[in-house]
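Presented below is the structure to which this report refers.
The values are calculated or read from the model by the stated rules, or taken from the named source; none is laboratory data. All of these numbers come straight from a predicted model, not from anything done at the bench. Cβ coordinates were reconstructed from backbone atoms using ideal geometry, including for glycine residues, and neighbour counts include every protein chain displayed.
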Amino acid sequence: MSRARGWHFWVLNLPKVHIGRPPSQWKTILKVLSQLASPEFIDKIEVAAFTIRGLRTARWKVPRNHPEFATLKDSLGAAKKLTWLMLTTEGSPKMPISIHKSLRCTKSAKCSLLEGHKGKCRKSVRGLESTRCPVCRQTIKFNDFKRNARTDPLSIQMGHLIPLSRAMRGHNASNVVWAHRRCNYIQDEQTVKETIKTLREIVERHGFKVSSIRQ
């Protein structure tokens, strides 16, 4: 499938009348992103942000009460967040100013941070930290996205800080992250904070003392 189409093939398999055209913002991002990353990297973002893996359909085409439902706007926000998280992994290509502008926060016109950022909006921008897995806190490497997603526990998957089963319209920029496959499985239907608490309790039942918890 040609990357110039700008839409993942799972979505493209649906009749155009059902999915409409790709958002113009995403087409703009793709023009730059395709020069920085290979199609397999872009597919990772598009599959995660725009489609429901098991159903092979667009997130906005399932019933609104489906836990993985998301509007096209929220799906686009998730794609923008996953893009800049990928481009801030260790060893990733430098993020051009042009794509940085396209990934800007949409909550406030005065905000200079990127879509889905933590905390309050602000004008000043400090250096972006390298992307980390939210569960194990290890730095994610750009080449980790090449790992075998079926067999490698350190392959990279999209995760949600709050599971979709526990959040109404939880597939959005503020909730999506990249995580290791094994860490995603460990988290399961817990929040990240609950997962760390569970792991601490397991470790202590094995006789180890955990001295502190990172806040």
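Side notes on the structure shown:
- Within the set ARG132, ARG104, ARG169, the sole residue that is among the charged types (D, E, K, R) and closer than 29 Å to ILE202 by Cα turns out to be ARG132.
- Residue tally, condition outside any loop (DSSP other than H, G, I, E, B) and touching an Asp or Glu at 6+ places or on another chain (Cβ under 8 Å), over the range 165-179: 2
- Any hit, the range 105-116, residues being among the acidic types (Asp, Glu) and part of a loop (DSSP other than H, G, I, E, B): yes
- Within the range 84-94, considering residues that are of a type in the set (Ser, Thr, Tyr) and closer than 20 Å to SER174 by Cα, the one surrounded by the fewest Cβ atoms within 10 Å (Cβ to Cβ): THR88
- Counted residues, the range 46-83 - those being surrounded by 21 or more Cβ atoms within 10 Å (Cβ to Cβ) and in a helix (DSSP H, G or I): 15
- Residues that are assigned to a loop (DSSP other than H, G, I, E, B) and among the aliphatic types (A, V, I, L, M) within the range 84-104 comprise LEU87, MET95, LEU103, listed in sequence order.
- Identity of the residue in the range 38-59, within 15 Å of the chain's Cα centre (by Cα) and of a type in the set (A, V, I, L, M, F, W, C), that ends up farthest from LYS73 (Cα to Cα): PHE41
- Which listed residue is at pLDDT 95 or above and under 14 Å from LEU164 (Cβ atoms), from ALA49, ALA78: ALA78
- Flag for ARG122 being closer than 19 Å to ASN184 by Cβ, free of Cβ contacts under 8 Å to residues at least 12 places away in the same chain and surrounded by 14 or more Cβ atoms within 10 Å (Cβ to Cβ): no
- Out of ARG122, ARG137, sole residue that is modelled with pLDDT of 95 or more and either part of a loop (DSSP other than H, G, I, E, B) or in contact with a Ser or Thr (Cβ under 7 Å, 6 or more places away or on another chain) (or both): ARG137
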